[in-house]
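**Student:** Have a look at this one before I ask anything.
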Amino acid sequence: MSIPKRIITLSIGSQTVSLADFRPDPKKGTLRLHGFDSREFLPDPAADATRVSQASLLMGELVESFKAKDQPVRLTLPAQSTFSRMVKVPAMGGTELAETISHEAKQNIPYPLEEVIWDYRTVFETENHDPEVLIVAAKTDLLEEWTGMLHSARLRPECVELAGVALLNAFRYNYGEPDGCSLLIDLGARTTNLLFVEPGKFFLRTISSGGSNLTSSVAKEFGEPFSAADARKLSDGFIGQGSNFEEPADPDQAKLAKVLRNAATRLHAEVARSISFYRSQQAGAAPQRVFLCGGGASMQLMVEFWEEKLGIPVERFNPLRCIGVTSPSKGPQLDQNAALLGEHVGLALQRLLNCPVSMNLLPPAIRRKSTLGQYTLVAGLAAACICAPMLAWGFHLKTATALASARASALAPEIEEAKKWEKEIKGIRDKIQLTLKQSAPIEKATLDRRYWVSLLDSIHTCLPKELIWITSLGIERPAPAQPAAEAPAAPAASGATPSKAGGTRVILRGFFLENPRGVDIVDEFGLALSYKAALERTQAGGAKALPQKTGDNKKKETESADKAVIPAEPPSAGSSETEIARIRSECEKSRWNGDAIDRFCDRLKGIPISPHPVLFQVAPIQDWTRPTNTPSQTEWVQEFAIPIDLQEPPAPLSLNTP
């Protein structure tokens, strides 16, 4: 994500519209505040009908003041215009989690989902607790109305954030993760936002009471209009400190302080109930410190009032604790407005950094328009980048053509000389190719030297140490291909079945002695050999059935002669388990004892796999020749035969030399 030259943030509150201009420092990776200003709505709630026109006019003044036309802007809306709810969901992931949260949104958002824009973030999740999800929503028509005003003020909205989330990011950036629980009380005009922050966890709650309730109490007590009461509160108001402190000499001022204290006490009761709810329902810890922010935090003796009521340290939240300013002369003015800057700092940090919690309630139509604008800009730049090199290349090509033509004329004699050398080189290459063709059979014979040694070694690794031995290997060469109607039925060799058409079959013959297990010892040897052969074919990339040679592929024998000796990756555990399952099935068909099958399968796992295997395939067990019963005492030794189909065996050496 590219770092912009400036970041414009806008906060629309119940009583105030404020705009801040931040300047990121790409080299240091820091953020500096360049300017801040705010405008007030008419304080009387009766003027809410003209609130939209007021906001449009005030935003236009701020944009002109900061020269921010056509700049992207990040926005927070007043709490009464948004909806937020913390819910717990079962631990799950992917599509199931999204469907569960969508169901929770339908249950908790007091409007149909088609009429709102909503978003969610997981705010707390541990192994011992189900995840907690923050669901945020706002009416689509309201968002479109506010973003429309931004367009009228020549601003380009790129993000609509929840005020509490922006405040959370500003707090964590400036104060880190303090030990225990911290409580931020955002004293707004019509709502009070409570933000409980613990390490790895936070909780948001909104109280429908704020500075306007204090103003209403003053207006009722003094019998004056709301606007006059608000002016009195701002000019002379402070929170009374109770009966233990001396009252002001001016009776009106003393009366005002008492009214404000009573109204603030009712607000404290709401906050106390919220703290109890957080501790009992959310398993939260008791707050150890309190930070005040918002417009109400600037009232005189407000910090002392909350410190008295809550009995814990209270201070004003300073969002500029880790944020610099571009001009030191603006420092005093910005410090006076620090209580209003928390949301602005959080919005700017979300654009500059990867904040842990971030949401965006921007209407989809605005997102699509913004994305289309970005694509249009990128497409224009791409077209310019493509056309500029083409124009430069055309000019260069014209110049280079003339130079190349002149050099070609000068090189003509050298080219003729090179053609003579080319003819001689071609003759030498032809001789080299002929020599390579003549040496190919010799090279193949060299590679085939180890073939039969490797085959005997494979058979030896599967052969039991006693009771059984091999007497001979009989090779059956493939018969010439004949038409189906004329091919005679060739009798099977003694002790073996006929080889497959076009293949080379080896008949493995031997004897076994009388033993308690009888013919099963031959089956163990044959199945172990079948298991080893299957794994080695898998290792060499030939796990499928062995291809049979035909007249069309005999020409490829020389090219593939060395495939049987190329080392490959060892077979995977999955292929080994598959082969063992196949062998187990064969044993069960032969009615082996269960313990004998388990011991045999364990033995199979210890059979070594050759890094240079000879590829072959053991014929099915029904093709083997062996007695069907245990040798009698008179027949203490019996013969068996196991057919083996070889894959690409070495061909007879044939040297065609001139």
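The values are calculated or read from the model by the stated rules, or taken from the named source; none is laboratory data. These numbers were taken from a predicted model, which means no experiment stands behind them. For neighbour counting, all protein chains shown are included, and Cβ atoms are generated from backbone atoms with ideal geometry for every residue, glycine included. All accessible areas refer to the heavy atoms of the entire protein, side chains included, with ligands and DNA or RNA removed. Shrake-Rupley method; radii C 1.70, N 1.55, O 1.52, S 1.80 Å.
**Student:** Please go through the stretch 182-204 and give me each residue that is closer than 19 Å to Val123 by Cβ, open to solvent by less than 10 Å² (accessible area, probe 1.4 Å) and among the polar types (S, T, N, Q), ordered by number.
**Tutor:** Passing the criteria: only Ser182.
**Student:** While we're here: Is it true that Ser65 is of a type in the set (Gly, Ala, Ser) and under 26 Å from Val197 (Cβ atoms)? Lay out the reasoning, then the answer.
**Tutor:** Details: of a type in the set (Gly, Ala, Ser): yes; under 26 Å from Val197 (Cβ atoms): no.
So Ser65 does not fit the description; no.
**Student:** Of the residues in the stretch 65-92, how many are over 29 Å from the mean Cα position of the chain (by Cα) and not in a strand (DSSP E or B)?
**Tutor:** 12
**Student:** OK, next. With Asn169, Asn193, Asn174 as the choices, which residue is touching an Asp or Glu at 6+ places or on another chain (Cβ under 6 Å), outside any loop (DSSP other than H, G, I, E, B) and at pLDDT 90 or above? Before you say what the answer is, go through the steps one by one.
**Tutor:** On the way: Asn169 fails: touching an Asp or Glu at 6+ places or on another chain (Cβ under 6 Å); Asn174 fails: touching an Asp or Glu at 6+ places or on another chain (Cβ under 6 Å).
Testing whether each residue is touching an Asp or Glu at 6+ places or on another chain (Cβ under 6 Å), outside any loop (DSSP other than H, G, I, E, B) and at pLDDT 90 or above leaves just Asn193.
**Student:** Looking at this structure, is Arg279 out of contact with any Leu (no Cβ under 6 Å at 6 or more places or on another chain) and more than 25 Å from Asp236 (Cα to Cα)?
**Tutor:** Numbers: out of contact with any Leu (no Cβ under 6 Å at 6 or more places or on another chain): yes; more than 25 Å from Asp236 (Cα to Cα): yes.
Answer is yes for this residue.
**Student:** Could you count how many residues in the stretch 288-324 are part of a strand (DSSP E or B), in contact with a Lys or Arg (Cβ under 6 Å, 6 or more places away or on another chain) and either on the phi > 0 side of the Ramachandran plot or surrounded by 17 or more Cβ atoms within 10 Å (Cβ to Cβ) (or both)? Before you say what the answer is, go through the steps one by one.
**Tutor:** Pass one, the stretch 288-324, residues part of a strand (DSSP E or B): 288-293, 300, 314-316, 324.
Narrowing further to those that are in contact with a Lys or Arg (Cβ under 6 Å, 6 or more places away or on another chain): 292, 324.
Restricting the remaining residues to those that are either on the phi > 0 side of the Ramachandran plot or surrounded by 17 or more Cβ atoms within 10 Å (Cβ to Cβ) (or both) gives 292.
Total meeting the criteria: 1.
**Student:** Same structure again: With respect to Ser2, is the statement that it is open to solvent by 60 Å² or more (accessible area, probe 1.4 Å), free of Cβ contacts under 8 Å to residues at least 12 places away in the same chain and in a helix (DSSP H, G or I) true?
**Tutor:** Spelling it out, it is not the case that Ser2 is open to solvent by 60 Å² or more (accessible area, probe 1.4 Å), free of Cβ contacts under 8 Å to residues at least 12 places away in the same chain and in a helix (DSSP H, G or I).
**Student:** Sticking with this one: Which of the residues belonging to the stretch 239-278 are polar (S, T, N, Q) and either within 57 Å of the chain's Cα centre (by Cα) or at pLDDT 90 or above (or both)?
**Tutor:** Gln241, Asn262, Thr265, Ser274, Ser276 - these are the residues of the stretch 239-278 that are polar (S, T, N, Q) and either within 57 Å of the chain's Cα centre (by Cα) or at pLDDT 90 or above (or both).
**Student:** Now for a separate question. For the list (1) open to solvent by 30 Å² or more (accessible area, probe 1.4 Å); (2) at pLDDT 85 or above, I need the number of the one condition that Gly60 fails.
**Tutor:** (1)
**Student:** Might you let me know whether the stretch 239-257 holds any residue that is open to solvent by less than 30 Å² (accessible area, probe 1.4 Å), in contact with a strand residue (DSSP E or B) (Cβ under 8 Å, 6 or more places away or on another chain), of a type in the set (Gly, Ala, Ser) and not in a strand (DSSP E or B)?
**Tutor:** There is at least one residue in the stretch 239-257 that is open to solvent by less than 30 Å² (accessible area, probe 1.4 Å), in contact with a strand residue (DSSP E or B) (Cβ under 8 Å, 6 or more places away or on another chain), of a type in the set (Gly, Ala, Ser) and not in a strand (DSSP E or B).
**Student:** Output the residue which, of all residues in the stretch 590-613 that are without any contact (Cβ under 8 Å) to a residue 12 or more places away in the chain and basic (Lys, Arg), is farthest from Arg537 (Cα to Cα). Lay out the reasoning, then the answer.
**Tutor:** Residues of the stretch 590-613 that are without any contact (Cβ under 8 Å) to a residue 12 or more places away in the chain, as a first pass: 591, 593-595, 598-599, 602, 606.
Checking which are basic (Lys, Arg) leaves us with 591, 599.
Details: Arg591: 28, Arg599: 24 Å.
Only one residue fits best here, namely Arg591.
**Student:** Does any residue of the stretch 326-342 turn out to be buried (at least 16 other Cβ atoms within 10 Å of the Cβ), under 26 Å from Ser18 (Cβ atoms), of a type outside the set (Val, Ile, Thr) and under 36 Å from the mean Cα position of the chain (by Cα)? Steps first, answer last, please.
**Tutor:** Within the stretch 326-342, the subset buried (at least 16 other Cβ atoms within 10 Å of the Cβ) is 334, 337-342.
From what's left, under 26 Å from Ser18 (Cβ atoms): 334, 337-342.
Retained after the next criterion (residues that are of a type outside the set (Val, Ile, Thr)): 334, 337-342.
Right, trim to under 36 Å from the mean Cα position of the chain (by Cα) and you get 341-342.
Yes, that holds for at least one residue.
**Student:** Continuing with this model, one more query. Of the conditions (1) open to solvent by 60 Å² or more (accessible area, probe 1.4 Å); (2) more than 34 Å from the chain's Cα centre (by Cα); (3) at pLDDT 85 or above; (4) of a type outside the set (Gly, Ala, Ser), Leu42 satisfies every one except a single condition; which number is it?
**Tutor:** The one condition Leu42 does not meet is (3).
**Student:** Please go through the stretch 32-64 and pick out each residue that is in a strand (DSSP E or B) and in contact (Cβ under 8 Å) with a residue 60 or more places away in the chain. Don't jump to the end; show me each part of the working.
**Tutor:** Here is the first cut: in the stretch 32-64, the residues in a strand (DSSP E or B) are 32-40.
Those that are in a strand (DSSP E or B) and in contact (Cβ under 8 Å) with a residue 60 or more places away in the chain: Arg32, Leu33, His34, Gly35, Phe36, Ser38.
**Student:** Related question: Do any strands (runs of 3 or more DSSP E) entirely within the stretch 112-161 hold 3 or more residues that are of a type outside the set (A, V, I, L, M, F, W, C), and if so, which? Explain how you work it out, then say what you get.
**Tutor:** Values: elements: 116-124, 132-139, 155-161.
Of the strands (runs of 3 or more DSSP E) lying wholly inside the stretch 112-161, those with at least 3 residues that are of a type outside the set (A, V, I, L, M, F, W, C) span 116-124, 155-161.
**Student:** Take Ser209 and tell me if it is in contact (Cβ under 8 Å) with a residue 12 or more places away in the chain, assigned to a loop (DSSP other than H, G, I, E, B) and small (Gly, Ala, Ser). Write out each step before concluding.
**Tutor:** Values: in contact (Cβ under 8 Å) with a residue 12 or more places away in the chain: yes; assigned to a loop (DSSP other than H, G, I, E, B): yes; small (Gly, Ala, Ser): yes.
Here the answer is yes, as Ser209 does meet what is asked.
**Student:** Taking the stretch 455-476 on its own, how many of its residues are surrounded by fewer than 17 Cβ atoms within 10 Å (Cβ to Cβ) and either closer than 20 Å to Asp523 by Cα or touching a Pro at 6+ places or on another chain (Cβ under 7 Å) (or both)?
**Tutor:** Just the residues of the stretch 455-476 that are surrounded by fewer than 17 Cβ atoms within 10 Å (Cβ to Cβ), to begin with: 456-457, 460-461, 463-467, 469-475.
The next check asks that each one be either closer than 20 Å to Asp523 by Cα or touching a Pro at 6+ places or on another chain (Cβ under 7 Å) (or both); those that pass are 456-457, 460-461, 463-467, 469-474.
Counting residues in the stretch 455-476 that are surrounded by fewer than 17 Cβ atoms within 10 Å (Cβ to Cβ) and either closer than 20 Å to Asp523 by Cα or touching a Pro at 6+ places or on another chain (Cβ under 7 Å) (or both) gives 15.
**Student:** Something else now. Of the residues in the stretch 430-449, how many are without any contact (Cβ under 8 Å) to a residue 24 or more places away in the chain and open to solvent by 80 Å² or more (accessible area, probe 1.4 Å)? Give the derivation first.
**Tutor:** Going residue by residue through the stretch 430-449, those that are without any contact (Cβ under 8 Å) to a residue 24 or more places away in the chain are 430-437, 439, 443, 446, 449.
When the remaining residues are screened for being open to solvent by 80 Å² or more (accessible area, probe 1.4 Å), the result is 430-437, 443, 449.
Here the count works out to 10.
**Student:** Residues in the stretch 86-105 that are open to solvent by 60 Å² or more (accessible area, probe 1.4 Å) and at pLDDT 85 or above: how many?
**Tutor:** Counting residues in the stretch 86-105 that are open to solvent by 60 Å² or more (accessible area, probe 1.4 Å) and at pLDDT 85 or above gives 2.
**Student:** Now for a different question. Got at least one residue in the stretch 23-30 being surrounded by 15 or more Cβ atoms within 10 Å (Cβ to Cβ) and either touching a strand residue (DSSP E or B) at 6+ places or on another chain (Cβ under 7 Å) or in contact (Cβ under 8 Å) with a residue 40 or more places away in the chain (or both)? Write out each step before concluding.
**Tutor:** Just the residues of the stretch 23-30 that are surrounded by 15 or more Cβ atoms within 10 Å (Cβ to Cβ), to begin with: 23-24.
In the following step, the residues that additionally are either touching a strand residue (DSSP E or B) at 6+ places or on another chain (Cβ under 7 Å) or in contact (Cβ under 8 Å) with a residue 40 or more places away in the chain (or both) were identified as 23-24.
So far as the stretch 23-30 goes, yes, one or more of its residues are surrounded by 15 or more Cβ atoms within 10 Å (Cβ to Cβ) and either touching a strand residue (DSSP E or B) at 6+ places or on another chain (Cβ under 7 Å) or in contact (Cβ under 8 Å) with a residue 40 or more places away in the chain (or both).
**Student:** Would you call Val271 of a type in the set (A, V, I, L, M, F, W, C), in contact (Cβ under 8 Å) with a residue 24 or more places away in the chain, within 17 Å of Val197 (Cα to Cα) and surrounded by 19 or more Cβ atoms within 10 Å (Cβ to Cβ)? Step through it out loud before you land on a result.
**Tutor:** Numbers: of a type in the set (A, V, I, L, M, F, W, C): yes; in contact (Cβ under 8 Å) with a residue 24 or more places away in the chain: yes; within 17 Å of Val197 (Cα to Cα): yes; surrounded by 19 or more Cβ atoms within 10 Å (Cβ to Cβ): yes.
For Val271, the condition - of a type in the set (A, V, I, L, M, F, W, C), in contact (Cβ under 8 Å) with a residue 24 or more places away in the chain, within 17 Å of Val197 (Cα to Cα) and surrounded by 19 or more Cβ atoms within 10 Å (Cβ to Cβ) - is met.
**Student:** Restricting to the stretch 177-190, what's the tally of residues that are assigned to a strand (DSSP E or B) and not aliphatic (A, V, I, L, M)?
**Tutor:** Our first condition is that a residue be assigned to a strand (DSSP E or B); within the stretch 177-190, this holds for 181-187.
Among the residues that remain, those that are also not aliphatic (A, V, I, L, M) are: 181-182, 186.
The total comes to 3.
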